[in-house]
Amino acid sequence: MENRNRWSNLYLALVFIVLYAPIFYLMYYSFNSGGTMHEFEGFTLDYYREVVQDTRLIIIVINTLVIALLSSAIATIIAVIGALAIQHVRSRRAKNTLLSLNNVLIVSPDVIIGASFLILFTIAGVKLGFSSVLLSHIAFSVPIAVLMILPHLEEMSPTLTDAARDLGATRRDVLTKVILPVIRPGIFSGFFMALTYSLDDFAVTFFVTGNGYSTLSVEIYSRARQGVSLSINALSTLIFLFTVLLVVGYYFLTAKKAKKPSAERTAEAGVPR
């Protein structure tokens, strides 16, 4: 048993090394004054100053965050409505059909999705830019959010809504004071999953961006094609550190919430004790 655990730990360590070694290699050479990724000549922060002073890059970062936050919020709202509609379908065949249609955008290759959106926007006369990118990100984020929310709806006991109606609650009260508090973890999970996919997307965005508008992933790809610049390393390092900060913050918030008494957590969820 100990031997098996040793090999499991070794395999796990190897996986993490393979995953994180390129990232740390990139971070290490972002401080290289030599300007290459072959030999470290000295420590410098010039490339970080270059990133901070690049006005165009800052605008692109803001564009990326606006698209990600806006598309995730809209997609989550649509996903809540969609999940409620799917959950209320009684026919198993109809429900499975709706779930299959929901999953099409998830399993389809990004290149196909991007090309499809490009053709659609061209036929519809939608100008490529902010609107086309936003609509595309909403479209591929909705199925992801639905998959995060629907299990929480399926797990919710129907007696909660029945009890609320028996006590005189209106449909709006049932939705806002019973259903939404119960599925709130799924809503947040769907929002952050959609946010992650939006920030990370390249293939779909590459097809639907127009002249004069770009997102961070497309910009990094464009700069990488022009040649290796350590400003890309610096930018990637800043993004990675920001992501780590978010993960650590989420971990502490989760740990703090887990320490609360169960009665207090139940009261926060809006469920009768």
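When ILE183 is tested against (1) open to solvent by 60 Å² or more (accessible area, probe 1.4 Å); (2) modelled with pLDDT of 85 or more, exactly one condition is not met: (1). Among the residues of region 209-232, not a single one is of a type in the set (A, V, I, L, M), open to solvent by 40 Å² or more (accessible area, probe 1.4 Å), at pLDDT 85 or above and in a helix (DSSP H, G or I). Looking at region 38-55, can you tell me whether even one residue there is among the β-branched types (Val, Ile, Thr) and either closer than 30 Å to VAL178 by Cβ or modelled with pLDDT of 90 or more (or both)? No, region 38-55 contains no residue that is among the β-branched types (Val, Ile, Thr) and either closer than 30 Å to VAL178 by Cβ or modelled with pLDDT of 90 or more (or both).
Contact annotation: residue pairs with Cβ atoms under 8 Å, 6 or more positions apart or on different chains, pairing a residue in region 39-68 that is in contact (Cβ under 8 Å) with a residue 24 or more places away in the chain with a partner that is in a helix (DSSP H, G or I) and of a type in the set (D, E, K, R), are LEU57/GLU219; ILE60/GLU219. In summary, ASP110 fulfils each of the numbered conditions (1) open to solvent by 70 Å² or more (accessible area, probe 1.4 Å); (2) at pLDDT below 85; (3) acidic (Asp, Glu) with the single exception of condition (2). Selection of first residues in region 228-250 that are more than 11 Å from LEU26 (Cα to Cα) and of second residues that are not in a helix (DSSP H, G or I), restricted to Cβ pairs under 7 Å at least 6 apart or on distinct chains, gives the following pairs, ordered by first then second residue: VAL228/MET37.
Candidates are the residues of region 4-36 that are in a helix (DSSP H, G or I) and among the aromatic types (Phe, Trp, Tyr); the one that is least open to solvent (accessible area, probe 1.4 Å) is TYR29. Going through (1) over 16 Å from SER231 (Cα atoms); (2) of a type outside the set (A, V, I, L, M, F, W, C); (3) open to solvent by less than 40 Å² (accessible area, probe 1.4 Å) one by one, GLU39 falls short only on (3).
The values are calculated or read from the model by the stated rules, or taken from the named source; none is laboratory data. As the structure is a prediction and not an experimental result, all values here were calculated from the model. Glycine also receives a Cβ, built like all others from the backbone with ideal geometry; neighbour counts cover every protein chain displayed. These area figures cover heavy atoms from the full protein model, side chains too; ligands, DNA and RNA do not enter into them. Shrake-Rupley method; radii C 1.70, N 1.55, O 1.52, S 1.80 Å.
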